[in-house]
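Encoded as structure tokens, the structure appears first; notes follow it.
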Amino acid sequence: MKVGIAGAGSIAFGTAALLHQNGHDPMLWSPSGAGTKDLAAGGTLTATGALEASFTPRIADSAATLAADNDVIVIALPGYGHKLVFDALAPHIRDGQHVVVSSHMSLGAVYLSDLLAKRGVTAPITAWGTTAITGRRQSGTEVKVNTVRKLVDLCTVPQEASEEALALCTRLFGDRFQPRDGLLAISLSNLNPQNHMGIALGNMTRMERGETWSQGQNVTPNVGRLLEALDEERLAIAEALGLKVRTIFEHFHLSFHVPVASISEMNQEMHEQGNGGTGPATADSRYVTEDVPYGLALTVALGDLTGRPAELHRAGIRVFSAMYGRDFFTENALLNALDLTNKTLDDLRHAARTGLLQGAVAAATP
């Protein structure tokens with residue numbers, strides 16, 4: 001199949017390599033053009049590590065080209081770029097053209113569904129709880145894939161397209177998907193924001209100094225206990241919503257194939273196996289600039305709506321806001337556009353099934 005990928009970073013490159021390995025034909029689109037400059041000049045995309053591939057992907061020059069020349073579209077860039085890309089793609093997506101969001105953040109599928117509804121277009125939108133791969137882009141033509149995940153949570157709006165979406169994702173990316181009960185479950189299945197928050201708090205000076213450091217090795221016992229406490233808040237919100245989501249222990253076990261133990265011990269094992277990853281070498285990292293406003297903020301909002309306040313998550317946003325001298329509570333363009341202030345849990349449950357949040361189209365219009 002022809003698959004258009006919006007993005008040109010680590011996850012986009014790794015996703016393209018996985019698609020190529022599975023016999024599909026990926027196309028990359030960099031909204032700025034900078035991320036695909038070397039590939040557009042004839043460079044070969046090379047993936048190493050957990051996935052080995054070398055190929056020449058197609059390159060799109062616009063959102064219109066990406067939509068027109070592909071059967072499926074995959075969103076594979078940081079959450080702070082999702083609204084910009086949704087706005088660019090929405091005028092060009094066709095009826096029935098499948099969109100996959102890897103990984104889904106801040107009810108983005110609802111935002112995109114509402115934009116399409118305004119045009120009278122219905123397209124299935126599949127939300128993944130995390131990415132299919134992890135990795136680090138090495139250059140304009142190289143990516144090191146750290147792992148190909150064994151299990152990825154997903155759901156689809158509208159809900160009646162779920163079976164079709166599961167079959168499509170399996171065909172494209174392999175048998176690695178676990179259906180979940182709607183967007184709220186997917187939102188609470190993404191453990192990256194809470195995990196990255198704890199890791200960044202414990203290693204901020206390493207990030208600021210640009211050090212090279214092992215992430216797994218530096219999930220020390222104290223950092224590990226913080227991650228476990230953050231997970232308890234997330235699980236309490238899921239329980240209040242009647243949702244089943246993976247625990248942090250299941251996440252590390254299934255994603256990185258290590259025995260279940262304390263979170264620190266599991267990360268030390270990942271490090272010993274060479275799968276612990278390298279931590280961010282800059283404070284300008286998605287661990288903060290993406291995951292704090294686009295991940296933690298939604299968990300805090302859901303905690304308030306369910307009467308299970310996520311105080312550690314809220315404190316994390318405040319601490320990072322103080323560190324960075326900016327208000328991360330206000331930086332989520334998707335939540336700002338959807339405006340959940342007057343929405344109820346029933347409104348959100350309806351949106352999780354249909355993709356539509358009453359009144360969101362008007363709020364989302366620029």
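Counting heavy atoms of the protein chains only and a 1.4 Å probe, report the per residue accessible area for the stretch 267-326 as a whole number of Å².
Details: 2440 Å² over 60 residues.
Here the residues of the stretch 267-326 average 41 Å² of exposed surface.
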**Separation between Cα centres of the stretch 50-128 and the stretch 158-217, rounded to whole Å** = 18 Å
**Request:** Measure off, as a whole percent, the carbon and sulfur share of the 1.4 Å-probe accessible area of the stretch 257-333, all protein chains present.
**Result:** 51 percent
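Could you work out the relative contact order of the stretch 226-339? I mean the mean sequence separation of Cα pairs under 8 Å and 6+ apart, divided by the number of residues, in percent.
Details: 88 pairs, mean separation 26.5, N = 114.
For the stretch 226-339, the relative contact order is 23 percent.
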**Prompt:** Which of the listed residues, 82, 292, 26, is farthest toward the dipole's positive end in the chain, when Lys, Arg count +1 and Asp, Glu count -1 at the beta-carbon?
**Reply:** 26
**Request:** Would you mind computing, in nm to one decimal, how far apart the modelled labels at residue 211 and residue 339 are, each placed 7 Å from Cα along Cα→Cβ?
**Result:** 4.6 nm
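Taking all protein chains as present, what is the carbon and sulfur share of the accessible area of the stretch 42-119, in % to the nearest whole number, probe 1.4 Å? Present the calculation step by step, with values, prior to reporting the outcome.
Numbers: 1320 of 2530 Å².
For the stretch 42-119, the apolar C and S fraction of the accessible surface comes to 52 percent.
Given a Förster distance of 56 Å, report the FRET efficiency between residue 122 and residue 257 from their Cβ-Cβ distance, rounded to the nearest 0.05. Don't skip to the end; give the middle numbers.
Details: r = 39 Å, r/R0 = 0.69.
Taking R0 as 56 Å, the efficiency between residue 122 and residue 257 is 0.90.
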**Message:** Positive end of the dipole of the chain, charges at C-beta (+1 Lys, Arg; -1 Asp, Glu), about the Cα centre: which of 68, 321, 219 has its Cα farthest in that direction?
**Reply:** 68
**Message:** I'd like the Karplus ³J(HN,Hα) series for the stretch 141-149: coefficients 6.51, -1.76, 1.60, θ = phi - 60°, whole numbers in Hz, and an x wherever there's a Gly or Pro.
**Reply:** 9, 10, 9, 9, 8, 6, 7, 9, 5
**Item:** Semi-axes of the equivalent ellipsoid for the chain, Cα gyration tensor, largest first, Å
**Value:** 28, 26, 19
**Prompt:** Out of every Cα pair in the stretch 74-185, what percent are spaced more than 20 Å from each other?
**Reply:** 41 percent
**Request:** Would you calculate the separation in nanometres between label points at residue 167 and residue 322, each defined as 7 Å from the Cα along the Cα-to-beta-carbon direction?
**Result:** 5.4 nm
**Request:** Can you tell me the relative contact order of the stretch 48-166? Whole percent, Cα pairs under 8 Å, sequence separation 6 or more.
**Result:** 25 percent
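Solvent-accessible area per residue for the stretch 51-93 at a 1.4 Å probe radius, Å²?
On the way: 1540 Å² over 43 residues.
The answer is 36 Å² per residue.
Using a 1.4 Å probe, what is the accessible area per residue for the stretch 207-262, in Å²?
Details: 2650 Å² over 56 residues.
Counting only protein heavy atoms, the per-residue value for the stretch 207-262 is 47 Å².
Could you compute the FRET efficiency for residue 349 and residue 160, with r as their C-beta to C-beta distance and R0 at 22 Å, rounded to 0.05? Before the final figure, lay out each step's value.
Numbers: r = 16 Å, r/R0 = 0.73.
So the FRET efficiency works out to roughly 0.85.
Relative contact order of the chain: what whole-number percent is it, with Cα pairs under 8 angstrom and at least 6 residues apart? Don't skip to the end; give the middle numbers.
Numbers: 730 pairs, mean separation 59.8, N = 366.
Normalised by residue count, the contact order of the chain is 16 percent.
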**Rounded to the nearest 20 debye, dipole of the stretch 227-366 from Cβ charges on Lys, Arg, Asp, Glu** = 420 debye
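About its Cα centre, how strong a charge dipole does the chain have in debye, to the nearest 20, once Lys and Arg get +1 and Asp and Glu get -1 at the Cβ?
Numbers: 29 positive and 37 negative charges, 62 e Å.
Here the size comes out at about 300 debye.
The values are calculated or read from the model by the stated rules, or taken from the named source; none is laboratory data. Quick caveat, the model's predicted, so the values are computed rather than measured. Neighbour counts are summed over all protein chains in view; Cβ atoms, including those assigned to glycine, are modelled from backbone coordinates with ideal geometry. For the accessible areas, the whole protein counts, side chains as well, though only heavy atoms, and no ligand, DNA or RNA atoms are used. Shrake-Rupley method; radii C 1.70, N 1.55, O 1.52, S 1.80 Å.
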